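Reading through the structure tokens given below for one structure.
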Amino acid sequence: MTIAFKTKWLPAIISGLMLTAAFPKAGFSVLAWFALVPLFITLRELNPKDAFRFGMITGLVHYLTLLYWVVITMRTYGYLPWWQCVSLLVLLAAYLALYPGLFALAIARMCTKPGLLILLAPVFWVALEYMRAILMTGFPWGLIGYSQFNRLHIIQISDMFGVYGISFLVVLCNAAVYVLLLFAAQKKWRGHPVAKRQVITAALLPIILMGACLGYGSMRIGATDQAAAQAASFRVALIQGNIDQARKWDPAFQISTTKKYIDLTLSAAAHEPDLVVWPETATPFYFEASPKLTRLVIDAIREAGVHLLVGSPSVQGQPGSQAYFNSAYMVAPDGGVTGRYDKVHLVPFGEYVPLKHLLSFVGKMVAQVGDFSVGERGRTLAWGDDNPAIGVQICFEIIFPGLSRSLVKNGAGVLVNLTNDAWFGKSSAAYQHLSMAVFRAVENRRSLVRCANTGISAFVDPAGRILVYTALFEDAVVARTVPVLFEKTVYTQIGDVLPLVCLILLGLLVGRSLIDRGAAGNGGMRVNVSDRIKKLVGRMADKRR
């Protein structure tokens, strides 16, 4: 191994590994506050082109190790050969690695002084996280702020800034720590020494912001807890059926699967729930379109005398022009269907295949349920005159904060996440999925109820505490009283203003950089032309003499 590899490549690789270790399952969340320092060490004297390459290395290492479970899912349930599964993971990781690569390029191009690194690094990172969340349908899985889901006092600022506020703070601290290390080692950043005022900024700015964050967090936790204690409430029972994904859509197991959920629901009657919740696609048939199996469920609900929120595929239209949806039905105690929510943000390769003409070889991944259609954004479910509207998000919709906001703005008093994480096996994906759901509760100050086929089912309070959670791959019935809040937070009302401002600022800085480079190039051309004119004039003068 060469010295160049050790001094440049190795820190970039370490950054990628530290970023992954900050997330569940490893869950060493404190590492996120220092994870980018090795990358900054690598970038110290690099030109923008090389900086992009090393940023890509950090991104590749991070996303290959964070999303390794993609291979398991594609192999087990997509029935693809190993080489195709690994290839798809590498392609996904390479795409996601572009964002750390662009981050490193922006740092090398525009953070010419240590002070600018502290101020602009969090702006660039958050802007690029936001781009990742919206481009190509968006994939905001594993934003760096999510690593802090269990640091209750820190994440309370999410009700103003969303998860991006946490990302901003984490990256700012990374940059400040690195500048302090530069000063301690008496090293320069891109030819500029660290001035004393920059040391003061690097030391005080994170302390001030963290102090304000913790103070705000303490205040908001107290206020939220008090509001929840005084709020109206209702009792919810979660049914975790633990149905093997390999059998879930097998017609031979339709009746036994349905009866298992019915038996668990009847056993939940001892908890006296107002609402029973089944997970995503709990019914292995099209609800309402399969009369006999639907009747089994409705009869059981009448017997239990409770409302049921059940995940089920649904079909609309006439044969030949039918539309399929990943849905959630609200069933009243008398057996009547009072509402239906259809999933809005579909999972690529799980619920539809993008670019089918290019990626036809992954069609088997969706063969069991077909391609789904998109539902209506922000639709809430009513369930009685005196009960709060329910805002449902199915599967990975919960990682898109805008969807939760639209539900709360439309009157949802409680958020419910129905999911089937059996696809993930016992990998870290189920834990990462739950950690991101926590932020939707804090951002909107709503109780969050999460019901998963094989786990992890959970109750999250409006302050972001995971009050109860189940183990993976176990049958479970969990009941708890859920407070209903109707506060509209700053974040609920204004949304992702912080990352949008960061993105605009990044765009302006990139534009200015391009203009400056163009001006420098034109200036060089003007100098060359001027010199040639002077030489030509000189020659003409010599000839006249």
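The values are calculated or read from the model by the stated rules, or taken from the named source; none is laboratory data. Owing to the predicted nature of the structure, the values given are computational and were not obtained by experimental measurement. Backbone-built Cβ (ideal geometry, glycine too); neighbour counts: all protein chains shown. Side chains included, ligands, DNA and RNA excluded: accessible areas come from the protein's heavy atoms. Shrake-Rupley method; radii C 1.70, N 1.55, O 1.52, S 1.80 Å.
Scanning region 417-440 for residues that are closer than 18 Å to A463 by Cα and among the hydrophobic types (A, V, I, L, M, F, W, C) yields L434, M436, A437, V438, F439. When you scan region 245-274, how many residues do you find that are open to solvent by less than 60 Å² (accessible area, probe 1.4 Å), over 22 Å from D421 (Cα atoms) and under 33 Å from the mean Cα position of the chain (by Cα)? The number of residues fulfilling the criteria is 2. Of the residues making up region 115-127, those that are over 15 Å from L36 (Cα atoms) and touching a residue at least 60 places away in the same chain (Cβ under 8 Å) number 2. Selection over region 118-141 of residues that are open to solvent by less than 40 Å² (accessible area, probe 1.4 Å) and outside any helix (DSSP H, G or I) gives a count of 3. Residues that are in contact with a strand residue (DSSP E or B) (Cβ under 7 Å, 6 or more places away or on another chain) and farther than 15 Å from S312 by Cβ within region 262-281 comprise L264, S267, A268, H271, E272, P273, D274, L275, listed in sequence order.
Out of A430, A422, A412, A441, one residue alone is within 27 Å of M74 (Cβ to Cβ), at pLDDT 95 or above and touching a Ser or Thr at 6+ places or on another chain (Cβ under 9 Å). It is A430. Selection over region 168-205 of residues that are farther than 28 Å from V497 by Cβ and out of contact with any Phe, Trp or Tyr (no Cβ under 7 Å at 6 or more places or on another chain) gives a count of 19.
Condition check ((1) in a loop (DSSP other than H, G, I, E, B); (2) more than 20 Å from D461 (Cβ to Cβ)) across all residues:
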position: G375; (1), (2): yes, yes
position: G378; (1), (2): yes, yes
position: W383; (1), (2): yes, yes
position: G391; (1), (2): no, no
position: F396; (1), (2): no, yes
position: R405; (1), (2): no, no
position: V408; (1), (2): no, no
position: L415; (1), (2): no, no
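Consider P284 carefully, then state whether it is out of contact with any strand residue (DSSP E or B) (no Cβ under 7 Å at 6 or more places or on another chain), open to solvent by less than 10 Å² (accessible area, probe 1.4 Å) and part of a loop (DSSP other than H, G, I, E, B). Judged against the criteria, P284 is a match.
Scanning region 418-427 for residues that are open to solvent by less than 10 Å² (accessible area, probe 1.4 Å) and out of contact with any helix residue (DSSP H, G or I) (no Cβ under 6 Å at 6 or more places or on another chain) yields L418, N420. Quick check on R75: is it over 25 Å from S513 (Cα atoms) and in a helix (DSSP H, G or I)? The answer is yes for R75. Taking L31, is it on the phi < 0 side of the Ramachandran plot, touching a His at 6+ places or on another chain (Cβ under 8 Å) and surrounded by fewer than 22 Cβ atoms within 10 Å (Cβ to Cβ)? For L31, the condition - on the phi < 0 side of the Ramachandran plot, touching a His at 6+ places or on another chain (Cβ under 8 Å) and surrounded by fewer than 22 Cβ atoms within 10 Å (Cβ to Cβ) - is not met. In region 250-263, the count of residues that are of a type in the set (G, A, S) and in contact (Cβ under 8 Å) with a residue 24 or more places away in the chain is zero. Within region 299-319, take every residue that is touching a Gly at 6+ places or on another chain (Cβ under 8 Å) and farther than 21 Å from A452 by Cα and give me the one that is most open to solvent (accessible area, probe 1.4 Å). Ranking the candidates gives R302 first.
One residue alone among V482, V477 is modelled with pLDDT of 95 or more, touching a His at 6+ places or on another chain (Cβ under 9 Å) and not in a helix (DSSP H, G or I), and that residue is V477. Evaluated against (1) closer than 22 Å to A389 by Cβ; (2) assigned to a helix (DSSP H, G or I), P273 falls short on exactly one condition, (2). Of the numbered criteria (1) buried (at least 22 other Cβ atoms within 10 Å of the Cβ); (2) within 15 Å of the chain's Cα centre (by Cα), the one P114 fails is (2).
For (1) β-branched (V, I, T); (2) over 30 Å from D225 (Cα atoms); (3) surrounded by fewer than 19 Cβ atoms within 10 Å (Cβ to Cβ), each residue gets a yes or a no:
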residue	(1), (2), (3)
S158	no, no, no
S167	no, no, no
A184	no, yes, yes
A202	no, yes, no
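Kindly evaluate V70 against the criterion of being over 23 Å from L10 (Cα atoms) and either within 23 Å of the chain's Cα centre (by Cα) or open to solvent by less than 30 Å² (accessible area, probe 1.4 Å) (or both). When the stated conditions are applied, V70 passes them. Within region 12-25, the residues that satisfy the criterion of being over 18 Å from the mean Cα position of the chain (by Cα) and either surrounded by fewer than 21 Cβ atoms within 10 Å (Cβ to Cβ) or without any contact (Cβ under 8 Å) to a residue 12 or more places away in the chain (or both) are I13, I14, L17. Evaluate region 87-107: report whether one residue or more is open to solvent by 10 Å² or more (accessible area, probe 1.4 Å) and outside any helix (DSSP H, G or I). Within region 87-107, none of the residues are open to solvent by 10 Å² or more (accessible area, probe 1.4 Å) and outside any helix (DSSP H, G or I). Cβ-Cβ below 6 Å, separation at least six or inter-chain, first residue in region 438-454 and touching a residue at least 40 places away in the same chain (Cβ under 8 Å), second of a type in the set (S, T, N, Q) and open to solvent by 10 Å² or more (accessible area, probe 1.4 Å): which pairs? Correct list of pairs: T454/N242. When every residue of region 276-285 is checked against the conditions, none turns out to be without any contact (Cβ under 8 Å) to a residue 40 or more places away in the chain, over 26 Å from G375 (Cα atoms) and aromatic (F, W, Y).
Here F439 meets each of (1) open to solvent by 10 Å² or more (accessible area, probe 1.4 Å); (2) of a type in the set (F, W, Y); (3) part of a helix (DSSP H, G or I) with one exception, condition (1). Applying the criterion of being in contact (Cβ under 8 Å) with a residue 60 or more places away in the chain and either farther than 28 Å from D159 by Cβ or among the β-branched types (V, I, T) (or both) to the residues of region 204-228, the residue that is surrounded by the most Cβ atoms within 10 Å (Cβ to Cβ) is T224.
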